[in-house]
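Asker: My questions will all concern the structure given below.
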Amino acid sequence: MCGIIGYVGTQNAVPIILDGLKRLEYRGYDSSGIAVMNNNGFDVVKQKGRLSELEALISQRPMSGYMGIGHTRWATHGKPSDINSHPHLGSQNKIAIVHNGIIENYRQIKERLEQKGTNFVSQTDSEVIAQLAEYYYNGDIVEAVIKTAGNLEGSYALGIMCLDEPDRLIAIKKDNPLIIGVADHGIFIASDVPAVLAHTNKVYYLNDKEIAVLTKTSVEFYNMDREPVHKEPETITWSIDSAEKGGYEHFMLKEIMEQPRVLKETVQSALGCGDNRRIIDGLDVSRFNRIVITACGSAYNAGMVSKYVFEQLCRITVEVELASEFRYKDPIVDCNTLVILVSQSGETADTIAAMREAKRKGAATLSIVNVVGSTIARESDYTLYTMAGPEIAVATTKAFSAQLVLLYILAVSFAKKLGKITKEAADNLFAEIASLPDIATGMLKRIDPVQKYAATCVGYKSIFFIGRNIDYAIAMEGSLKLKEISYIHSEAYAGGELKHGTISLIEDNTLVVAISCCERLYEKIYSNAEQVISRGAKVLFIGNCIKAVPGERLEIIELPKINELFAPSLSVVYLQLFSYYVAANKGLDIDKPRNLAKSVTVE
Ligand code: F6R
């Protein structure tokens with residue numbers, strides 16, 4: 001959480017940093033700030049509220065500089081306020097820092113410095129970094145940063161400027177992402193690639209406890225012993241257009257609409273001749289007697305959907321674990337277990353910890369990740385990339401869909417390798433997966449019924465989602481999507497579970513969204529729908545095997561036919577749109593829902 005950016009170069013740093021912060025706002029948006037260095041020293045503006053408010057302030061009180069650092073915050077220590085916003089300065093105003101992460105031992109450091117007379121002004125953990133760096137500063141900022149980092153416990157990605165060394169911008173990281181971008185007019189640091197894409201596609205990935213020293217024209221890397229580190233830059237293939245709204249009102253809608261292309265490219269990379277294909281083909285699956293999928297939020301839901309596919313096709317036990325639980329449960333995994341990590345950002349703290357725990361226990365780790373060069377992508381034994389491009393809306397859509405198809409393809413490949421299905425059967429299943437992009441294109445041309453129905457749903461206090469079997473798994477994602485962007489309470493239940501308690505919550509005009517793509521279970525889910533209708537509920541049926549006719553309390557939205565194992569990829573498109581239009585009709589800030597951040601890099 002929190003986004004940081006820094007720039008040193010020949011152009012005015014202020015608009016460059018503000019633009020970069022806009023592209024990082026998905027990481028946190030309760031306050032923001034910027035510090036620049038110019039011929040008069042530091043100029044700092046920071047305040048509580050959205051970035052647009054900071055921009056408005058700066059337009060009234062112009063500032064400029066050739067070097068600067070900026071921050072967009074998701075509060076962890078100290079409530080959102082002007083004083084708790086970054087950048088933070090030491091009390092002598094010599095060192096300014098921006099920080100993404102959590103300093104776990106900040107209380108001890110603070111007490112130590114207070115005893116020596118340092119005066120703290122904020123409630124944040126981050127301020128100790130600026131104060132400690134000033135305490136250690138003795139004419140060499142790199143040395144001060146090394147000493148400071150040596151005292152910090154926790155996670156950090158830092159941008160640091162020192163008044164007495166006005167030509168150098170320093171960066172260091174541990175357990176939080178930081179990239180260095182090299183443009184022809186200057187050098188950048190940033191939490192993520194989209195922040196620099198308008199200027200360069202040449203980036204270095206900083207490893208833990210590596211220090212980058214930037215000037216207007218150069219960047220050098222060192223380890224904590226101050227020995228030079230050689231690094232090669234990587235070329236990013238994402239285009240700047242993919243990080244723009246492209247005429248849509250919200251990134252979320254644009255990203256939903258991009259799904260056919262994303263599905264196509266992801267399928268191509270795994271079934272054509274891309275890197276994903278090479279990795280999947282090279283996997284020796286015969287050594288695994290268990291598969292554990294671990295992830296958070298929507299990525300966990302993708303794992304839940306794929307459990308049905310793996311188990312059905314491979315006849316192998318698949319456990320799906322929340323990464324935040326897996327890391328603390330002394331998981332039963334060994335060298336015969338394949339642990340699959342699913343993560344859009346590749347930086348989710350809990351998923352990283354789960355991966356490290358699995359590796360520590362000797363399991364093989366395979367990640368499905370969207371962000372190239374992210375921690376999970378680099379540390380897992382095998383990495384498959386989803387071809388979603390930058391996903392900006394906090395609520396994931398296209399990355400989720402890409403995760404699903406990669407998981408399907410893995411499941412079919414494993415089943416073939418294990419001899420559970422014939423080559424011909426596998427080819428038929430691959431062909432069905434490959435047909436998803438075109439089917440999704442057709443669906444996205446017929447979104448009117450979803451849009452109209454969603455417009456009638458803004459008044460609900462609570463909406464339930466039900467399904468059976470794999471439809472239940474995708475109902476979980478529908479429910480999560482709705483609650484996170486529309487702020488309507490929602491829960492997902494297996495249809496058969498209602499009668500064991502939940503049905504008591506059903507009353508007049510409760511809405512129940514029922515998913516029905518498992519034809520063999522249609523009568524069961526229909527009977528669940530009737531049970532809630534007879535208790536006053538309204539039902540929105542979304543599916544491809546519905547025999548009922550619409551009525552006063554029953555609305556139907558048809559989906560195209562497809563193998564039930566892959567139907568979640570279709571249901572989810574309309575579930576995403578349903579949530580989107582409910583939230584849009586409520587006039588909510590869809591791309592940046594309250595209290596959330598896209599990249600959850602803290603526990
Ligand atoms: C929901 C959502 C989150 C993420 C979760 C994991 O729309 O986006 O639930 O899925 O925070 O994030 P990643 O995939 O980056 O590990």
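Asker: At 222 nm, what value in deg cm²/dmol follows for the chain if DSSP H runs of at least 4 each add -39500 (n - 2.57) and the sum is divided by all its residues, to the nearest 500?
Answerer: The helix contribution divided over the chain gives -11000 deg cm²/dmol.
Asker: Work out, in µm²/s and without decimals, the Stokes-Einstein translational diffusion coefficient of the chain at 4 °C, 1.567 mPa s, Rh from Kirkwood over C-alpha pairs.
Answerer: Roughly 51 µm²/s, to the nearest whole number.
Asker: Please give the direction-averaged projected area of the C-alpha convex hull for the range 3-242, in square nanometres with one decimal.
Answerer: 11.7
Asker: Place the peptides 236-245, 24-33, 309-318 in order of packing, highest mean first, counting for every residue the other Cβ atoms within 10 Å and averaging per peptide.
Answerer: 24-33, 309-318, 236-245
Asker: If you don't mind, another one. Name the long-range amide H neighbours of Ile557: under 5 Å, sequence gap of 5 or more, or other chain; modelled H, no Pro or chain starts.
Answerer: HN-HN under 5 Å from Ile557: Phe541, Ile542, Gly543.
Asker: Put Cys457, Cys273 in order of accessible area, largest first, 1.4 Å probe: what do you get?
Answerer: Largest accessible area first, the list is Cys273, Cys457.
Asker: Add +1 for every Lys or Arg and -1 for every Asp or Glu among the other residues with Cβ under 14 Å from the Cβ of Met63, and state the total.
Answerer: Here the count lands on 0.
Asker: Once you order the gyration tensor axes a ≥ b ≥ c over the Cα atoms, which shape class does the range 220-271 get: rounded for a/c under 1.5, otherwise prolate or oblate by comparing a/b with b/c?
Answerer: Since a/c reaches 1.5 and a/b is larger than b/c, the shape of the range 220-271 is classed as prolate.
Asker: Quick check: from the Cα gyration tensor, does the range 448-585 come out rounded (a/c under 1.5), prolate or oblate?
Answerer: rounded
Asker: If you take every residue apart from Leu89 with its C-beta less than 14 Å away from the C-beta of Leu89, what net charge results, scoring Lys and Arg +1 and Asp and Glu -1?
Answerer: Around Leu89, the charge tally is -3.
Asker: Of Glu603, Glu53, Glu319, which has the most accessible area with a 1.4 Å probe, and how do the rest follow in descending order?
Answerer: Glu603, Glu53, Glu319
Asker: Mind checking the per residue accessible area of the chain for me, 1.4 Å probe, whole number of Å²?
Answerer: Value for the chain: 37 Å² per residue.
Asker: Counting only protein heavy atoms, what percent of the accessible surface of the range 27-91 is carbon or sulfur at a 1.4 Å probe?
Answerer: With neighbouring chains kept in place, the figure for the range 27-91 is 48 percent.
Asker: Consider just the alpha-carbon atoms of the range 282-362 and return their Rg together with their Dmax, both in angstrom.
Answerer: Here Rg and the maximum Cα pair distance are 12.0, 32 Å.
Asker: Rg/Rh for the range 248-443 to two decimals, with Rh computed the Kirkwood way over all alpha-carbon pairs.
Answerer: 0.95
Asker: What shape does the range 367-462 take by its C-alpha gyration tensor, where a ≥ b ≥ c are the square roots of the eigenvalues and a/c under 1.5 counts as rounded, a/b above b/c as prolate, and the rest as oblate?
Answerer: oblate
Asker: Just to verify a number: what accessible area does Glu507 come out at with the full protein assembly present, 1.4 Å probe, Å² rounded to tens?
Answerer: Accessible area of Glu507: about 120 Å².
Asker: Do you know the relative contact order of the chain, to the nearest whole percent, from alpha carbon pairs under 8 angstrom that are 6+ apart?
Answerer: 12
The values are calculated or read from the model by the stated rules, or taken from the named source; none is laboratory data. Because the structure is predicted, anything quoted here is derived from the model rather than measured. FYI the Cβ positions are ideal-geometry reconstructions off the backbone, even for glycines, and counts take in every protein chain you see. The area values use the complete protein model at the heavy-atom level, side chains included, leaving out ligands, DNA and RNA. Shrake-Rupley method; radii C 1.70, N 1.55, O 1.52, S 1.80 Å.
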